[in-house]
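A short worksheet on the structure shown next.
The values are calculated or read from the model by the stated rules, or taken from the named source; none is laboratory data. Here the structure is a predicted model, which means the values were calculated and not measured. Glycine also receives a Cβ, built like all others from the backbone with ideal geometry; neighbour counts cover every protein chain displayed.
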Amino acid sequence: MSQKESILSDRLEQEFNVRFGHQPEFIVSAPGRVNLIGEHTDYNDGYVFPVAIDKYLNIAASKRSDRQVHLHALDMDEECIFSLDTPDDAETPAWSTYLKGVAHLLQEQVLQEVGHTLKGMSAVITGDVPIGAGLSSSAALEVASSLAFLGVCGLEIDGTELAALCQRAENEFVGVNCGIMDPTISLLGKTDHALFLDCRSLEYKQVPLNLVDMLLVICNTNVKRELASSEYNKRRAECE
């Protein structure tokens, strides 16, 4: 574990203990991404070549004995509580829609097939993927939250299957008609590698990036965008 990861882990454990009175059972992380080749080709069933970056969305979590989900977003200083049985009954922050969508689809697509019921969860969320900067903070949130929900249930599923579930959550619950690339690279990203992904077959290959005497530099322009209210959905409709 790097020094940065150790500091983050200690902070998450401390914050979790303050809010819930005990240590988290585990911490999950999901990275943001940049795409080197293949803009607007993932939802056109083409090829893409993304890389995961060293910015992450992190969730410290523990299972609950009830069907409640208790969340605290450190970076926004916002709390959110909802029931897995009636998630839409509670007025919650917009970001909670990602978790509600993931939870619903996990129960519908995955857990029912293996005879499991989704468990409630207490969680503290933090991250350093800039929001609205084109680095897929939303996919990182979906991936991390899906891993957290699976973690409290003691389950794992195939990475490409989970990526498709996260994509569907953003399509159907958030209203962004995104493609499969972002959650896939967030789940399958590997240090010093890019991911060559066929977005039609979902076949992929880890490609080493031998950046000798070169650096891959990511610049945050601080120009914010929101895909749900942008031209993104219109552009996809034009392509279809």
Residue match in segment 198-205 (condition: more than 24 Å from Thr117 (Cβ to Cβ) and among the aliphatic types (A, V, I, L, M)): yes
Given (1) among the β-branched types (Val, Ile, Thr); (2) closer than 22 Å to Pro130 by Cβ; (3) not in a strand (DSSP E or B), identify the lone condition not met by Ile53. (3)
Taking first residues from segment 162-191 that are closer than 14 Å to Trp95 by Cα and touching a residue at least 24 places away in the same chain (Cβ under 8 Å) and second residues anywhere that are of a type outside the set (Ser, Thr, Tyr) and outside any helix (DSSP H, G or I), the pairs with Cβ under 8 Å that are 6 or more apart or on different chains are Glu170/Val176; Glu170/Cys178
Flagged in segment 41-50 as of a type in the set (A, V, I, L, M, F, W, C) and part of a strand (DSSP E or B), in numbering order, are Val48
Looking across segment 183-212 at residues that are modelled with pLDDT under 95 and in contact with a helix residue (DSSP H, G or I) (Cβ under 7 Å, 6 or more places away or on another chain), the single one that is surrounded by the most Cβ atoms within 10 Å (Cβ to Cβ) is Cys199
What are the pairs with Cβ atoms under 7 angstrom where one residue, in segment 148-160, is of a type in the set (S, T, N, Q) and the other, located anywhere, is surrounded by fewer than 20 Cβ atoms within 10 Å (Cβ to Cβ)? Sequence gap at least six, or different chains. Thr160/Leu202
Do you know which residues across segment 16-37 are assigned to a loop (DSSP other than H, G, I, E, B) and either free of Cβ contacts under 8 Å to residues at least 60 places away in the same chain or under 15 Å from Leu147 (Cα atoms) (or both)? Gly21, His22, Gln23, Pro24, Glu25, Ile37
Of the numbered conditions (1) in a helix (DSSP H, G or I); (2) within 29 Å of His22 (Cβ to Cβ); (3) more than 17 Å from the chain's Cα centre (by Cα), Lys119 satisfies every one except a single condition; which is it? (1)
Quick check on my filter: what residues within segment 192-219 are touching a residue at least 60 places away in the same chain (Cβ under 8 Å) and of a type in the set (Lys, Arg)? Arg200
In segment 56-83, what residues are surrounded by fewer than 18 Cβ atoms within 10 Å (Cβ to Cβ), of a type in the set (S, T, N, Q) and either in a strand (DSSP E or B) or on the phi > 0 side of the Ramachandran plot (or both)? Gln68, Ser83
